[in-house]
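Colleague: Could you have a look at this structure, given as structure tokens, before my questions?
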Amino acid sequence: MFVLALLVGILASFFFVENSLKYELESTLDLQPQIIITKQKAGRDTTVDEKDINVILNIKGVNDVLSRVWGYYRFKDKRLILIGIDTFENQYDDILAKITKSTELNVSSMLVGEGVKKLFSQYYYHDYFNFILPDLSLKKIFIAGTFKATTKLESNDMVVMNKDTLRTIFGYQYNEATDLAVIVKNPEEVASIMVKLQNIFPTYKIVAKKDLRITLENRFNSKSSIFLILFIISLFTFFMIVYDKLSGLSSTEKNEIGILKAIGWRIEDVLQARFYEGLIISLSAYVVGIMAALLYVYMLDAPLVKNIFLSYNDMDISLPFIMDYETLFLLFLLSVPVYLFATIIPSWKVATLDADEVMR
Amino acid sequence: MIKLDHVSKIYANNTVALDDVSLNFAEGELIILKGVSGSGKSTILSLIAGLLKPTQGDVVVDAKHISKLPDHFCSQYRRDNIGFIFQKYNLIPLLSVKENIALPLVPLNLDEDVLHVKLEIVMKMFRIEHKKDMKVKNLSGGEQQRTAIARANVNDPKIILADEPTANLDEKLSLEFIQILKALKSSHKTIIVATHDPLFFELEFVDRVVEINNGKLVCS
Amino acid sequence: MLLTPEIITIYILNLIFFIFASVAFYYSVKIVFLYDKNAMSTLQYKLQKQSYLVATIIKFIFYTKILVFLFFIFTLDDIATILPGAMCGAGVVNATAYGTYLLILKIINLYIFAYWLVLNTQDINSEEQVYLKYKFQVYMAVYFLLVGEIILESLMFFSIDTKSVVDCCGTIFSTTDGTYMAKLLSVDPMILLATFYTIYSLMICSYILKNKYIFSLLNLLFVIISLVSLIAYFGTYIYELPTHHCPFCLLQRDYNYIGYLLYIFLFIGTFHGIVLGLMDFSVEEERKKYRISLFFTTLYLLFVSYFPIAYYIKNGVCL
């Protein structure tokens with residue numbers, strides 16, 4: 001029973017971690033604009049020119065276009081995401097909107113996420129930080145405060161500062177931006193607008209939010225499918241072991257069944273008793289496995305399994321508690337009925353023993 | 001009430017246990033099957049209990065052809081009508097006295113109270129209720145025997161079969177068993193005892209002694 | 001080719017079903033051809049014991065199948081989110097040529113397996129074992145249906161293409177195309193309702209007259225008319241949208257999962273009704289089955305009737 005519980009537990013932890021991360025990523029995704037336009041040079045992302053905005057605004061169905069300045073900054077093996085905001089622009093992101101309203105970010109201060117604050121403090125940067133520019137000069141930016149974003153993924157490694165300041169840090173020209181975010185209020189129109197955009201800018205890369213979601217899901221699915229196949233192989237082995245074990249009955253057991261049949265137990269009664277036995281074993285293995293997984297994932301933070309998924313970021317994230325009933329159903333189907341099926345033939349063999357033979 | 005009609009039983013290894021045996025038992029009779037071990041008397045008991053099917057012939061109990069019943073009904077017949085006291089008792093050692101006695105009734109899914117009442121009656125009758133929670137493996141020989149008898153009676157069967165009941169008992173306990181047998185006889189149950197213990201052959205409350213030798217009836 | 005964990009789970013369980021069903025098939029064949037009630041040889045006893053194995057396997061398969069069927073419905077909904085254009089299970093079912101047939105076959109198989117279980121219970125409880133050979137013959141036929149279902153299901157999942165757009169239920173169940181479905185849906189709702197309630201009333205009559213064959217037949221018709229009227233008429237009142245005819249969306253949270261309740265009631269009620277005409281039962285059993293059947297079909301009727309009536313009361317008009 002413990003083997004089954006262990007198997008269930010491992011698989012369950014895997015699914016729980018996956019579900020939590022999926023939720024986090026999807027929540028992050030929800031905050032993205034519908035269409036993102038990037039320019040490509042030699043197949044790699046490069047900066048866009050803000051003057052394209054006017055052309056895009058003329059397309060029917062486009063509600064707004066924002067130029068985004070953001071990027072990564074490496075510090076001591078960790079990767080920070082730097083986001084530039086402009087207090088006079090409309091914000092699509094709720095958190096960023098809140099920030100622009102609540103704080104007056106001047107050109108030499110920034111807001112940092114909790115993970116970043118911790119990182120800076122580690123290296124004694126308590127009140128300010130020196131960014132190294134592409135020309136190797138330093139730019140000192142003061143830490144105006146920390147913020148808490150809606151999702152942990154987002155906030156942990158994020159730094160928010162004035163757009164133009166960020167341009168300086170990245171070495172952008174005054175009208176250069178990282179990409180353009182196109183806001184389209186009507187989701188039905190996204191596809192047609194994308195086509196129009198592609199026609200206007202044949203060399204630009206145009207990505208829709210829905211595609212991102214599908215890509216993400218597929219990536220998750222492929223990872224979990226591999227894991228599932230591993231699980232199935234172990235389940236199969238387990239099945240064989242159970243079958244084998246139950247088929248080889250001890251003589252005491254045979255004797256006991258013989259006695260039961262002699263005193264009037266029918267074949268169905270013996271089968272039923274064995275079925276309940278199997279049911280109790282597999283159900284408790286299932287419950288124990290799930291409990292163990294919950295403990296491992298949500299209390300201990302899933303040390304090894306998490307890293308299988310989290311390849312994109314080096315920061316540590318604690319997983320939010322998500323309960324997905326379908327996952328529980330799936331795990332149930334893979335454990336309890338499978339175990340019970342493994343017990344059918346051995347139980348039947350036992351139940352049909354001739355009482356008389358056994359007692360002589 | 002019980003009729004064996006030209007019954008023969010040949011086991012898988014070709015041993016002939018019974019050869020064309022015909023017997024009749026009336027209701028309420030106490031019959032001793034006399035014969036040495038291997039004579040076939042245990043086979044007769046097994047046939048009446050429906051634990052075996054004859055190779056030839058018919059076993060009829062209360063106008064039911066039990067030798068032709070499918071397993072489902074056979075077991076049910078056994079549960080409802082037969083109380084079997086085995087030679088080696090065949091109790092389950094790790095269960096308590098009470099649990100062992102209750103075993104035949106388990107598949108019936110009776111109410112807790114009904115079950116309790118039945119158990120109490122039979123435990124009192126055979127003076128074993130003071131040990132009801134003790135594990136069987138810790139009982140003495142005589143107590144185990146009384147438990148086995150209690151179990152055979154818990155379903156209030158019409159027929160009681162005993163296979164070499166005194167084979168493992170000393171004289172005192174054998175006599176005790178005979179007293180129990182007398183009490184059972186007065187309850188109008190049909191009782192068949194297979195034994196080669198001479199203590200049984202001369203009892204005055206025994207209705208008949210039937211002798212079996214080498215699978216055949218010995219005419220008396 | 002679609003391979004999510006849910007689909008893999010279904011494949012595994014199907015594999016288990018296939019293996020065990022084949023074992024049962026093997027023994028069924030043996031029993032059908034070799035069993036002789038009157039012979040007493042060791043072979044016969046062996047066969048008798050093996051009949052228990054077959055019965056146990058089939059029981060297991062049936063009960064697990066119900067769970068897997070539910071899971072299948074969830075999976076369809078799941079896939080709908082990654083299939084462009086599909087917004088509920090209907091889109092997924094329609095995504096391949098196999099979908100609709102698979103669904104119908106699954107439902108038929110549920111009825112047939114349930115029938116087999118009743119057959120088995122009746123057989124075991126009779127001393128002469130009246131249905132012994134018959135039930136295994138039935139199983140032999142059922143086996144092929146089961147295998148057919150597994151193959152169809154595998155084919156369907158295999159051929160789902162996440163890149164091609166599928167119709168959503170709005171298109172599938174529209175009244176404007178020239179499809180079969182459209183013709184069905186453009187029948188005057190009054191006729192549908194009249195048929196629906198008439199069949200129900202006839203069911204009650206045949207209950208009073210205790211004619212089980214007519215009752216059984218009427219239950220069969222009731223399944224069909226219920227499904228049609230649900231899609232064409234009652235569904236629209238549950239959705240409060242005259243063009244929303246989908247039978248799948250009922251199963252979603254937005255509608256409080258009412259679909260599950262309705263379908264379960266319909267299945268239990270009609271199954272018990274249909275089975276009455278297929279076998280002989282003791283008087284008590286028969287009475288029980290009549291009652292269960294009427295209870296659940298009445299429940300179904302009350303539930304579906306509630307929606308248009310409630311709508312009318314709330315809004316003063318019909319859709």
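Colleague: Using θ = phi - 60° and the Karplus relation 6.51 cos²θ - 1.76 cosθ + 1.60, list the HN-Hα couplings for the range B:104-116 in order, rounded to whole Hz, with x at every Gly or Pro.
Modeller: 3J(HN,Hα) across the range B:104-116, in whole Hz: x, 8, 3, x, 7, 6, 6, 4, 3, 5, 4, 4, 4.
Colleague: Run the simple label-point estimate for residue C:18 and residue B:135 please: 7 Å along Cα→C-beta, distance reported in nm.
Modeller: Label at residue C:18, label at residue B:135, 4.8 nm between them.
Colleague: Moving on. Which three extents, in whole angstrom, do the alpha-carbon atoms of the range B:134-185 cover along their principal axes, largest first?
Modeller: Reported extents, whole Å, longest axis first: 30, 25, 17.
Colleague: Still on this model: Quick check: from the Cα gyration tensor, does chain C come out rounded (a/c under 1.5), prolate or oblate?
Modeller: Judged from the Cα gyration tensor, chain C comes out oblate (a/c at least 1.5, b/c at or above a/b).
Colleague: Hey, rough spin-label estimate for residue C:97 and residue B:63, points 7 angstrom out along Cα→Cβ, what's it come to in nanometres?
Modeller: The two pseudo-label positions are separated by 6.5 nm.
Colleague: Moving on to the next point. Per 0.36 nm of contour for each residue apart, how much would the distance between residue C:165 and residue C:43 grow if the chain were fully extended, relative to their Cα-Cα spacing?
Modeller: Gain on stretching residue C:165 to residue C:43: 38.1 nm.
Colleague: So what's the back-of-envelope 222 nm ellipticity for chain B, counting only DSSP H runs of four-plus at -39500 (n - 2.57) apiece and dividing by all residues, rounded to 500?
Modeller: Taking each H run of at least 4 residues, the total per residue is -9500 deg cm²/dmol.
Colleague: Going by the alpha-carbon gyration tensor, a ≥ b ≥ c the square roots of its eigenvalues, is the range B:12-71 rounded (a/c under 1.5) or, if a/c is not under 1.5, prolate (a/b greater than b/c) versus oblate?
Modeller: oblate
Colleague: Largest first and to the nearest Å, give the Cα extent of chain B along each principal axis.
Modeller: Cα spread of chain B along its principal axes, largest to smallest: 46, 40, 34 Å.
Colleague: Next question, about the same structure. So how far, in whole Å, is the C-alpha centre of the range C:280-319 from the one of the range B:128-190?
Modeller: The distance from the Cα centre of the range C:280-319 to that of the range B:128-190 comes to 59 Å.
Colleague: Report the gain in length on full extension from residue B:116 to residue B:172: 0.36 nm times residue separation, minus Cα-Cα distance, nm rounded to one decimal.
Modeller: The span from residue B:116 to residue B:172 would gain 17.0 nm if fully extended.
Colleague: Neighbouring Cβ atoms within 10 Å as the yardstick, rank C:188, A:64 fewest first.
Modeller: C:188, A:64
Colleague: Extending each Cα 7 Å along its Cβ direction at residue A:323 and residue B:108, get the distance between those two points in nm, one decimal.
Modeller: Result: 4.4 nm between the two label points.
Colleague: Using θ = phi - 60° and the Karplus relation 6.51 cos²θ - 1.76 cosθ + 1.60, list the HN-Hα couplings for the range C:274-288 in order, rounded to whole Hz, with x at every Gly or Pro.
Modeller: After applying 6.51 cos²θ - 1.76 cosθ + 1.60, I find 5, 5, 4, x, 9, 8, 9, 10, 5, 4, 5, 4, 4, 4, 4 Hz.
Colleague: Let me ask another. Could you work out the percent of alpha carbon pairs in the protein assembly as shown separated by over 57 Å, rounded to a whole number?
Modeller: Value for the protein assembly as shown (Cα pairs over 57 Å): 34 percent.
Colleague: Just to confirm my numbers, what's the Cα centroid distance between the range C:199-235 and the range B:83-101 in Å?
Modeller: 55 Å
Here, each number is a calculation from the coordinates, and none is a lab measurement. None of the values given here were measured: they were computed from a predicted structure. No Cβ is skipped: glycine too gets one built from the backbone with ideal geometry, and neighbour counts run over all protein chains shown.
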